[in-house]
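A short worksheet on the structure shown next.
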Amino acid sequence: MIAVVCAVPAERRALEALAGPELEIHVAGIGADAAERAAASLTARPLRALVSAGFCGALSPDLRVGDLVAPDRVRDEASGESFEPDPEMLAAAPGARGTLVSARRIARTPDERARLQGVAVDLESAALARVARDAGVPFLALRAVTDEARHRLPDFDRLMDAAGRLTPGAGLLHFLRHPREVPALVRLGPAARVAGRALRAGLEQTLGRLR
């Protein structure tokens, strides 16, 4: 069984058509702690592999919305630890290579991203990689870009709950107070659809090469 771990429901929706007897897709919630709990539960039983799949932000200015990232190194910003994916799985995966940084918090602005050294940024992959390593389970991260290095993001800490669901009341109040963030939120809808299609195609291609 291959277990694919996403952070939010939108990522799972993009991949759910691939689920089957040999592939499970799970939503862990946002952040390292949620990812670690999910991975610990999943690796308590035999797994063929653990895959961190979802969206990411670009750190490289060369990446565009919908581009895939299959990093050859995942680095935890908090601890400084680095993790390498399973070589066979990495060879099967399409996408840009380089370091995926799992940040302490969402890198919302170009300045925040510029301080991180890598090709792309997420929140969960390092935690998943650590649990997979400790359990002796092959690991791969596959991410699709939703925001480019030049983009700004809304303040998701005020807009979403830990499961990645928008909180309508808080969101409306936030945007009334910060109207300049509205275009950033509007941009994300189409970007997530483009990234979701790319993520599904990339994971399908990876799995096909591994069979």
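Every read-out reported here was derived from the displayed coordinates using simple, explicitly stated rules and does not represent laboratory data. The structure displayed is predicted, hence computed values, not measured ones. Backbone-built Cβ (ideal geometry, glycine too); neighbour counts: all protein chains shown.
Observations
- Peptides 95-101, 40-46, 125-131 ordered by average Cβ neighbours within 10 Å, highest first: 125-131, 95-101, 40-46
- Loop-located GluC sites (Glu not before Pro) in segment 7-102, at most 13 other Cβ atoms within 10 Å (DSSP): GLU22
- C-alpha center-to-center spacing [segment 18-89, segment 129-147] in angstrom: 3 Å
- Taking amide H positions as modeled 1.01 Å from N, with prolines and chain starts lacking one, the residues under 5 Å from ASP147 and 5 or more places away or on another chain are CYS56, ALA58.
- Placing a pseudo-label 7 Å from each Cα along the Cα-to-Cβ vector at SER79 and ALA201 gives an inter-label distance of 3.6 nm.
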